[in-house]
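The values are calculated or read from the model by the stated rules, or taken from the named source; none is laboratory data. Bear in mind that the values here come from a model prediction, so they are computed numbers and not experimental data. Don't worry about glycine lacking a Cβ; one is built from the backbone with ideal geometry, like all the others, and counts go over all protein chains shown. Heavy atoms of the whole protein, side chains included, go into the accessibility calculation; ligands, DNA and RNA do not. Shrake-Rupley method; radii C 1.70, N 1.55, O 1.52, S 1.80 Å.
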Amino acid sequence: MTDTVLKLGKYEFNSRLFVGTGKYETLDLMKEALEASGSEVITVAVRRASVGCKPGESLLDYIDQEKYTILPNTAGCYSADEAVRTARLAREMGISDLIKLEVLGDKDTLLPDPVDTLKATEILVKEGFTVLVYTSDDPIIAKRLEDAGATSVMPAGAPIGSGQGILNPNNIRIILETLSVPVIVDAGVGTASDVTAAMELGCVGVLLNTGIAGAKDPVQMARAMKLACESGRLAYLSGRIPKKLYANASSPLKDF
């Protein structure tokens, strides 16, 4: 079975696993885990992409930008204005016009602020950014973000860094049925089976960080996440059998 490439605006990717760069014990370990993940898109918080560092001291020095597409992230922003300024900074630094928009509501839950997220999306789309927007699993706000011009809507599987997996698959299903833009699960993934579950629902990709960086063996977990993403995608394309209440013999006598 041959799959199509993942298209996000003018960008095309074969890998459907997006991985982050935070929380690793060392940058060398991060580099090894990125390689093992097979990802082509690496998220970097704009605030960590330091300008003016000495050679070897910047996070970007550990990422092969010929191999990976950098996805700048407005992580740590709590207002539309702050997020828009951060996105503009990423473009001015020459990183990318591709942006992962993240506008948080508070520091305890790290849930997105729906009002300011929508406001920032509208502004950045008008300014020509390719906006991949982090949101809750609310189908209504997901549709509003699509209508605002988001290239991809990225509902959380669970709160950021919680490792709880896909808490509300039914809402993800509704989002998938309602939207026409690519849907990527972002946040809350704890292990490989969570990635598979998201892909089997029909999401085009999964973005994660803590699930790899926080594992006892990040490199091995990165490999597991890669295989899980591929497996879940293949299962979705193959079309699973329907769930039934009663048994159905695999070799019924009537077939002979």
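Tabulated data for the structure shown
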| quantity | calculated |
| --- | --- |
| Computed Rg/Rh of region 59-122, alpha carbon atoms with Kirkwood Rh | 1.03 |
| Where only alpha carbons of region 148-256 are counted, the Rg and the Dmax (Å) | 16.5, 57 |
| Backbone HN-Hα couplings from phi across region 128-133 [Karplus 6.51/-1.76/1.60, Hz, Gly and Pro as x] | x, 6, 8, 9, 9, 10 |
| Geometric extent, Cα atoms of the chain - Rg, Dmax (angstrom) | 18.9, 75 |
| 0 to 90° range, to nearest 10: angle between helix 192-201 axis and the chain longest Cα axis | 70 degrees |
| Cβ-based net charge around Ser79, under 11 Å, with every Lys or Arg adding one and every Asp or Glu removing one | -2 |
| Cut-off under 5 Å, modelled amide H: who pairs with Gly105 long-range | Leu111, Asp113 |
| Placed amide H near Thr135: partners under 5 Å, 5+ positions off or other chain | Met154, Ala156 |
| Å² of accessible area per residue within region 107-256, as computed with a 1.4 Å probe and no ligands counted | 51 Å² |
| Carbon + sulfur, % of accessible area of the chain - ligands and nucleic acids excluded, 1.4 Å | 51 percent |
| Nearest-ten-degree value, helix 80-92 long axis tilted from longest Cα axis of the chain | 80 degrees |
| Neighbourhood charge, 13 Å Cβ-Cβ cut-off, centred on Arg173 and excluding it, Lys, Arg +1 and Asp, Glu -1 | -3 |
| At q = 0.15, 0.19 Å⁻¹, base-10 log of I(q)/I(0) for region 82-151 (Debye sum, equal scatterers on each alpha carbon) | -0.44, -0.69 |
| nm² value of the averaged projected area, convex hull over the Cα atoms of region 95-210 | 6.8 nm² |
| Accessible area (Å², per residue) of region 1-42, counting only protein heavy atoms and a probe of 1.4 Å | 53 Å² |
| Cα Rg over Rh - region 1-147, Kirkwood | 0.97 |
| Ratio of Rg to Rh over region 152-192 (Cα coordinates, Kirkwood Rh, two decimals) | 0.98 |
| Where a label projected 7 Å from the Cα of Thr69 along Cα→Cβ would reach, residues of region 15-34 with amide N under 12 Å | 15-18 |
| Within region 1-104: Cβ-based charge dipole about Cα centre, in debye rounded to nearest 20 (Lys, Arg +1; Asp, Glu -1) | 320 debye |
| Mean ellipticity per residue at 222 nm, deg cm²/dmol - from DSSP H runs of n ≥ 4 across the chain, formula -39500 (n - 2.57) | -11000 deg cm²/dmol |
| Relative contact order (%) - the chain, alpha-carbon pairs under 8 angstrom, separation at least six | 18 percent |
| Theoretical gain in end-to-end length, Ala249 to Glu127 [0.36 nm per residue, Cα-Cα removed] | 38.1 nm |
